[in-house]
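Q: Got a structure for you, written out below as structure tokens; questions coming shortly.
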Amino acid sequence: MSNITVRVPEELKGRMRRCKSVNWSDVARKAFEDAARKEEMQCAAEAIKNLRLESKAEWDGAKEIRKWRDAAT
């Protein structure tokens, strides 16, 4: 596992010291994971949006399923 340094104001550090039962590394790790997941989802959504905008064809899921079902019989 890698180490990182996070700077927090002295006032916050004091409050964190008083909360001895909290695993601050775990709290930070979860927050970093959530932020990374959110950013990845936003990037994926933007990529999907761009693909839809670039596509000239009108696509209908129900019509596509029907086409494949009819071709199988």
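Throughout, read-outs are computed from the coordinates displayed, never taken from laboratory work. All of these numbers come straight from a predicted model, not from anything done at the bench. So basically every Cβ, Gly included, is an ideal-geometry build from the backbone, and we count neighbours across all protein chains shown.
Q: Please give every one of the lysines within straight-line cross-link reach of Lys67, meaning a C-alpha to C-alpha distance under 26 Å, and leave out same-chain neighbours fewer than 8 residues apart.
A: Lys49, Lys56
Q: Still on this structure, I have one more. For the Cα atoms of the chain, what angle does the longest principal axis make with the long axis of helix 24-54, in degrees from 0 to 90, nearest 10?
A: The angle comes out near 20 degrees.
Q: Kindly provide the helix-only [θ] at 222 nm of the chain, computed as the sum of -39,500 (n - 2.57) over DSSP H runs of four or more divided by all residues, to the nearest 500 deg cm²/dmol?
A: Numbers: 3 runs with 52 residues, N = 73.
It lands at -24000 deg cm²/dmol.
Q: Based on C-alpha coordinates, I'd like the Rg and Dmax of the stretch 18-60, in Å.
A: 18.8, 61
Q: Let me ask another. Of all alpha-carbon pairs in the chain, indicate the percentage at a distance above 21 angstrom. Intermediate values should be presented prior to the final figure.
A: Numbers: 1593 of 2628 pairs.
The answer is 61 percent, as a whole percent.
Q: For the chain, give the magnitude of the charge dipole about the Cα centre (Cβ charges: +1 Lys/Arg, -1 Asp/Glu; no others), in debye to the nearest 20. Show your work: numbers first, answer last.
A: Numbers: 17 positive and 13 negative charges, 82 e Å.
In total the dipole reaches around 400 debye.
Q: Suppose R0 equals 35 Å; then what is the FRET efficiency for Ala47 and Asp26 from their Cβ-Cβ distance, rounded to the nearest 0.05? List each step's numbers first, then the result.
A: Details: r = 32 Å, r/R0 = 0.90.
So, using R0 = 35 Å, E works out to roughly 0.65.
Q: Helix 61-72 sits at what angle to the longest principal axis of the chain, using alpha carbons and giving 0 to 90 degrees rounded to 10?
A: 50 degrees
Q: Restricting attention to the stretch 1-40, which trypsin sites (Lys or Arg not before Pro) occupy a DSSP loop and are surrounded by at most 11 other Cβ atoms within 10 Å?
A: Those that pass, being in a loop and sparsely packed, are Arg7, Lys20.
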